[in-house]
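The values are calculated or read from the model by the stated rules, or taken from the named source; none is laboratory data. As the structure is a computational prediction, the values presented were derived from the model and not from experiment. Quick reminder, even Gly has a Cβ in these numbers, built from the backbone with ideal geometry, and neighbours come from all protein chains shown.
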Amino acid sequence: MSVKPLFQNEPFVFSQENQEKIEKLLARYPKDRKVSAILPVLDLAQRQCGGWLPREAMEAVAELLGVTPLYVWEIATFYTMFHLRPTGQHHVQVCRTASCYLRGAGKLTKVCEKKLKIACGQTREDGKFSLEEVECLGACVNAPVVQINDDYYEDLSPEALEDVLEALETDESVKPGSQTRQKLSTAPAGYGAKPEKKGGRRA
Amino acid sequence: MPKLTVDGKEVIFEEGMTVLQAVEQAGQEVPVFCYHNRLEIAGNCRMCLVEVEGSRKPVASCAMAAGEGMVVHTKTPMVKKAREGVMEFLLINHPLDCPICDQGGECDLQDIAMSYGRGISRYDEPKRAVEQKHMGPLIKTHMTRCIHCTRCVRFLEDVAGVPEMGLVGRGENAEIVTYLDQAVTSEVSGNVLDLCPVGALTSRPYAFRGRPWELTKTPSIDVMDAVGSHIRLDSKGNEVFRILPRVNDDINEEWLSDKARFCMDGLRTQRLDRPYIKVKGKLQPTNWQGALGKAQELLSKTDPDKIGVLAGELVDTETFYTFRHMLDMMGVNHRDCRDPGQHLDHRFRAGYVFNTSIAGIEQADACLIIGGNPRFEAPLVNTRLRKRFLKGDFPIAYLGPEFTPGRDLTYPVQHLGERAKVLEDLLNEKGTFAKTLKKAKKPMLILSASSLKGQDAMKVLALVRQVAETYDLVREGWNGFNVLHNQASRVGGLDMAFVPKGKGYDTQGILTAAEKGKLDVLYLLGFDHPSLKDLPDSVKVIYQGHHGEAGASAADVILPGAAFSEKNATYVNTEGRIQQALAAIAPPGEAREDWRIVKELAGRLSLDLPFETIDELREGMALENPYYQYREVLHQNTWGQFGRKGLLAQDHILGFDEDYYKTNVIARSSLTLAQCAVAGGWEPEDAQQEVTHA
């Protein structure tokens, strides 16, 4: 079933900061091809609305870019990163594609569901968390991966993820990125070839 | 010319053709769902797969450009298997509800599944079901059947110019929708029903009423506007069940306006099916003898100068011819076939027809639209203009009132103003559009006949003629001067010189004279006008027509006639193309073909009209107007000094104020079109009640 646009019940106006950003975006495209900027503009709208696109925002974007609201709706439903229902303050996206799945993404989903007490696709009543399973996040090298808002949490064990969620719940700071490695995708201590010997494979 | 090989046969193709077109040229059939030769290519159904040597995978032929020396196979096991695979995927989510589906019997999916499918399904899992959508009074949806070919979306976006439908979601969740279940309001929306290859979008008025193989198909001509679209009347028993377009590239391509497609319930309601005469102020049913006797009495006892004759918007050319003959013999000069207040010069044919021709629009390279709104006066002329606009390099200017929201022309226009005075500036070569017109190789202008109203109309006509002459619109091999009519009877009436003779009154004059009691008898030939209510009792009214409306309720004698679907009649479209409609059904009750009624009345008045049969009548017409010998073709029309020169009043506005769904008596009687008028915002919600009285 397609997701219908939902009212936010308050008028949508782009913030001053966003309006400046939009001006810069529109300058990149020919004047009669304003609609080319639809993806970044929708993204700005979604961020301003707290992670989802209410009907007012979509209609404002349509008017801004000179297209029908239907066109904006088509775009917003095609790309899975646009949300047409309110999401939580922390939007948890568990990668379930092959690499992560093989490295235990299924367990991560269960941990989330148990810890946050919501099922996939739901938002917690207090609006703090929402949970979703997504397709490949493109970080297979550090699988399994969970994206929370704009940050990736990689190399997660169920326990590590529980710690991350716990920290977010209590508004403590957490370190994004790999939960086991020193830096990026370097091998954990004791594993694999040593970079200096092979002459800088990937450091 | 490049060549390619299809199944071992070499074919020549034109540069820019797709593989599919080349294969079809070779005489091979390719099954398609999303491809349509008049729409943009989408390439999303994958049914048209063929094998091209050198490519390891099957190729979607509709989206692949044909290349020199390609070797294409359409019958290899690989192609067969690929198509079976596509078919199987399409059928996974398609319900097996053909017995209750309105598309059954004319369904592309059914036909192609029979010819190219596996025959059995291996699919056990639950099928997807899709929520029903509301799309207005014309389109009935059953979206579970949708195969996402997006023909409807592409049609509305490209041809109709109003992107009211779209595809939301992706993959298995993709659905065809209108924005939040709004009604589709386009005036050509009915075409998506023809385009839909499955039963997802079907006709709501025709729902569950018939199967294609039960219907008798009669070729005919549409009379809802002056385009003269070629249509097919599908009838069963004595009823027209539906109206579909016939392909004609010169006129309607393969589209049809909604008014033409959905007027058939108007053919059933409010019909005059027997003669009536007024006895003691009340209409009483009678027989033909009585009604014709009464009409004869009224006409023979009245001074011809006290008789006025008005013809309406659906009168066929034969009736015009017969009637005019009779009136000439009687010496009746007050007669007219034009709208009240409308002025058109019938002396020169080029001065009242669409000379460029509808197909000719595609060759034009600049266009000036004067008055009116082609989108609602002639929707299919407007789609042609849009088609030409989409090819690019087609500056269009518009002279007339600002469009109300949602009533624009579906392509951008340069707005020159709303007063006819602007024409004078144009004549003096002022303004930017003057330069554009000057430079254009094939410029055209479209003058809306509905805006030629009021005192200054003839002057406007003369002015527009002068503009055409100044900018060299009329020359050897090109005539860019066009009058766009919005009523089917108009050109025929003018051809037959059904206009005031000598000092006779025109339509407005006759109406005013009748209201003041200066006329004794008013003969209305399918003419309805609200002002007929206020006629004084001294004016006796004879109404000949097929629908009981303003004219019939004011009548003292009613002579029931036949509607366009019930008679063999000739209609002339705005291009001056003479076209013949065939009777699909018989007139209801005692109603008769109109020219026969006139002929019989003439006989009773001891006037000997020189023809007995319709063939003799048509011979007479052709003798009087030589171009009536040739049907379906365009004629070279005489150019002359039409219009009347003079100074324009400062404030003459080129207006357009008609309700698209209410322009003729059949459309006004149709409940479906009344619903469209409400859905399209032409009328307030509560107006719908009025039509149901019958």
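Residues that are of a type in the set (Phe, Trp, Tyr) and over 28 Å from the mean Cα position of the chain (by Cα) were ranked within the stretch B:469-514; the one that is farthest from B:PHE354 (Cα to Cα) is B:TYR505.
With the requirement that a residue be touching a helix residue (DSSP H, G or I) at 6+ places or on another chain (Cβ under 9 Å) and either assigned to a loop (DSSP other than H, G, I, E, B) or touching a residue at least 60 places away in the same chain (Cβ under 8 Å) (or both), what does the stretch B:386-402 give you? Can you show your working first?
Of the stretch B:386-402, the ones touching a helix residue (DSSP H, G or I) at 6+ places or on another chain (Cβ under 9 Å) are B:386-388, B:390-391, B:394-397, B:399-400.
Within the stretch B:386-402, B:ARG386, B:LYS387, B:LEU390, B:LYS391, B:PHE394, B:PRO395, B:LEU399, B:GLY400 qualify.
Could you list, in sequence order, the residues of the stretch A:1-26 that are farther than 23 Å from A:VAL92 by Cα, surrounded by fewer than 14 Cβ atoms within 10 Å (Cβ to Cβ) and of a type outside the set (Gly, Ala, Ser)?
Initial filter on the stretch A:1-26 (farther than 23 Å from A:VAL92 by Cα): A:7, A:9-26.
Filter once more, so that each one left must be surrounded by fewer than 14 Cβ atoms within 10 Å (Cβ to Cβ): A:7, A:9-11, A:13, A:15-17, A:19-20, A:23-24.
Result: A:PHE7, A:ASN9, A:GLU10, A:PRO11, A:VAL13, A:GLN16, A:GLU17, A:GLN19, A:GLU20, A:GLU23, A:LYS24.
Within the stretch B:426-469, restricting attention to residues that are part of a helix (DSSP H, G or I) and of a type in the set (Lys, Arg), the residue that is farthest from B:GLY480 (Cα to Cα) is B:LYS459.
Which one is surrounded by the most Cβ atoms within 10 Å (Cβ to Cβ) among residues in the stretch B:667-677 that are over 23 Å from B:LYS453 (Cβ atoms) and touching a residue at least 60 places away in the same chain (Cβ under 8 Å)? This residue is B:LEU673.
Screening the stretch A:1-49 for residues that are without any contact (Cβ under 8 Å) to a residue 24 or more places away in the chain, in a helix (DSSP H, G or I) and not charged (D, E, K, R) and picking the one that is farthest from the other protein chains (Cβ to nearest Cβ) gives A:GLN16.
On the phi < 0 side of the Ramachandran plot, within 14 Å of chain B (Cβ to nearest Cβ) and at pLDDT below 95: does that describe A:LEU116? Give the steps one after another, and end with the answer.
On the way: on the phi < 0 side of the Ramachandran plot: yes; within 14 Å of chain B (Cβ to nearest Cβ): no; at pLDDT below 95: yes.
Considered against the rule, which asks whether it is on the phi < 0 side of the Ramachandran plot, within 14 Å of chain B (Cβ to nearest Cβ) and at pLDDT below 95, A:LEU116 comes out as no.
Please go through the stretch B:573-602 and give me each residue that is more than 30 Å from B:ASP250 (Cβ to Cβ), among the small types (Gly, Ala, Ser) and either in contact with a helix residue (DSSP H, G or I) (Cβ under 9 Å, 6 or more places away or on another chain) or crowded, with 19+ Cβ neighbours inside 10 Å (or both), ordered by number. Passing the criteria: B:ALA586, B:ALA591, B:ALA602. Is there a residue being surrounded by fewer than 22 Cβ atoms within 10 Å (Cβ to Cβ), within 14 Å of chain A (Cβ to nearest Cβ) and not in a loop (DSSP other than H, G, I, E, B) anywhere in the stretch B:205-218? So far as the stretch B:205-218 goes, no, none of its residues is surrounded by fewer than 22 Cβ atoms within 10 Å (Cβ to Cβ), within 14 Å of chain A (Cβ to nearest Cβ) and not in a loop (DSSP other than H, G, I, E, B). Can you tell me which residues in the stretch B:2-46 are more than 30 Å from B:GLU172 (Cβ to Cβ) and either aliphatic (A, V, I, L, M) or touching a helix residue (DSSP H, G or I) at 6+ places or on another chain (Cβ under 7 Å) (or both)? Those that are more than 30 Å from B:GLU172 (Cβ to Cβ) and either aliphatic (A, V, I, L, M) or touching a helix residue (DSSP H, G or I) at 6+ places or on another chain (Cβ under 7 Å) (or both): B:LEU4, B:VAL6, B:VAL11, B:ILE12, B:PHE13, B:MET17, B:ALA22, B:VAL23, B:ALA26. Residues that are in contact (Cβ under 8 Å) with a residue 60 or more places away in the chain, assigned to a helix (DSSP H, G or I) and buried (at least 16 other Cβ atoms within 10 Å of the Cβ) are absent from the stretch B:405-413 altogether.
Any chance you could count how many residues in the stretch A:52-64 are farther than 15 Å from A:ARG85 by Cα and surrounded by fewer than 21 Cβ atoms within 10 Å (Cβ to Cβ)? Number satisfying all stated conditions: 5.
For the stretch B:154-171, the set of residues classified as more than 9 Å from B:SER186 (Cβ to Cβ), facing another protein chain (nearest Cβ under 10 Å) and not basic (Lys, Arg) consists of B:GLU157, B:PRO163, B:MET165, B:GLY166, B:LEU167, B:VAL168, B:GLY169, B:GLY171, listed by residue number.
Among what's in the stretch B:31-79 and is aliphatic (A, V, I, L, M) and in a strand (DSSP E or B), pick the residue that is farthest from B:ARG154 (Cα to Cα). If you could, list the steps in order and put the result at the bottom.
The initial filter retains those residues of the stretch B:31-79 that are aliphatic (A, V, I, L, M), namely B:32, B:39, B:41-42, B:47, B:49-50, B:52, B:59-60, B:63-66, B:70-72, B:78-79.
Checking which are in a strand (DSSP E or B) leaves us with B:49-50, B:52, B:59-60, B:65, B:71-72.
Numbers: B:LEU49: 21, B:VAL50: 24, B:VAL52: 28, B:VAL59: 22, B:ALA60: 19, B:ALA65: 20, B:VAL71: 31, B:VAL72: 28 Å.
Ranking the qualifying residues of the stretch B:31-79, first place goes to B:VAL71.
Exactly one residue among B:ARG211, B:ARG261 is in contact (Cβ under 8 Å) with a residue 60 or more places away in the chain, within 22 Å of B:THR141 (Cβ to Cβ) and in contact with a Leu (Cβ under 9 Å, 6 or more places away or on another chain), and that residue is B:ARG261. Per the listing A:ALA60, A:ALA98, the residue uniquely more than 14 Å from every other protein chain (Cβ to nearest Cβ) and under 25 Å from A:GLN147 (Cα atoms) is A:ALA98.
Taking the stretch B:139-184 as the range and being part of a loop (DSSP other than H, G, I, E, B), crowded, with 21+ Cβ neighbours inside 10 Å and among the β-branched types (Val, Ile, Thr) as the test, the residues that pass are B:ILE147, B:THR150, B:VAL184. Of the residues screened, B:GLU377 is one that is among the acidic types (Asp, Glu) and touching a Leu at 6+ places or on another chain (Cβ under 9 Å). Please determine whether any residue of the stretch B:264-280 is small (Gly, Ala, Ser), touching a residue at least 12 places away in the same chain (Cβ under 8 Å), in contact with an Asp or Glu (Cβ under 7 Å, 6 or more places away or on another chain) and crowded, with 24+ Cβ neighbours inside 10 Å. No - not one qualifying residue is present in the stretch B:264-280.
A single entry from B:GLU68, B:GLU15 fulfils the requirement of being at pLDDT below 95 and touching a Pro at 6+ places or on another chain (Cβ under 6 Å): B:GLU68.
Kindly indicate whether any position in the stretch B:605-614 is within 22 Å of B:HIS230 (Cβ to Cβ) and in a helix (DSSP H, G or I). Let's see the steps before the verdict.
Step one: of the stretch B:605-614, the residues within 22 Å of B:HIS230 (Cβ to Cβ) are B:614.
Narrowing the set further to residues that are in a helix (DSSP H, G or I) leaves B:614.
Among the residues of the stretch B:605-614, at least one is within 22 Å of B:HIS230 (Cβ to Cβ) and in a helix (DSSP H, G or I), which makes the answer yes.
Considering the stretch B:108-126 alone, what residues qualify as being touching a residue at least 24 places away in the same chain (Cβ under 8 Å) and either within 14 Å of chain A (Cβ to nearest Cβ) or polar (S, T, N, Q) (or both)? Selection gives B:SER115, B:SER121. Tell me yes or no: at least one residue of the stretch B:238-246 is in contact (Cβ under 8 Å) with a residue 60 or more places away in the chain and of a type outside the set (Val, Ile, Thr). Yes, because at least one residue in the stretch B:238-246 is in contact (Cβ under 8 Å) with a residue 60 or more places away in the chain and of a type outside the set (Val, Ile, Thr). Of everything listed in (1) over 30 Å from B:ARG128 (Cα atoms); (2) surrounded by 14 or more Cβ atoms within 10 Å (Cβ to Cβ), the single unmet condition for A:TYR29 is (2).
Hey, could you check the stretch A:69-82 for residues that are over 10 Å from the mean Cα position of the chain (by Cα) and more than 7 Å from every other protein chain (Cβ to nearest Cβ) and say which is farthest from A:ALA119 (Cα to Cα)? Only one residue fits best here, namely A:VAL72.
Restricting attention to the stretch B:281-295, report how many residues are of a type outside the set (Gly, Ala, Ser), free of Cβ contacts under 8 Å to residues at least 24 places away in the same chain and surrounded by 15 or more Cβ atoms within 10 Å (Cβ to Cβ).
If we filter the stretch B:281-295 for residues that are of a type outside the set (Gly, Ala, Ser), which is where we start, we get B:282-289, B:292, B:294.
Going one step further and asking which of them are free of Cβ contacts under 8 Å to residues at least 24 places away in the same chain, we end up with B:282, B:284-286, B:289.
Pick out the ones that are also surrounded by 15 or more Cβ atoms within 10 Å (Cβ to Cβ) and you get B:286.
Count: 1.
Considering only the stretch B:61-88, state which residues are aliphatic (A, V, I, L, M) and more than 40 Å from the chain's Cα centre (by Cα). Quick ask: steps written out before the conclusion?
Of all residues in the stretch B:61-88, those aliphatic (A, V, I, L, M) come to B:63-66, B:70-72, B:78-79, B:82, B:86-87.
Within the stretch B:61-88, B:MET70, B:VAL71, B:VAL72, B:MET78, B:VAL79, B:ALA82 qualify.
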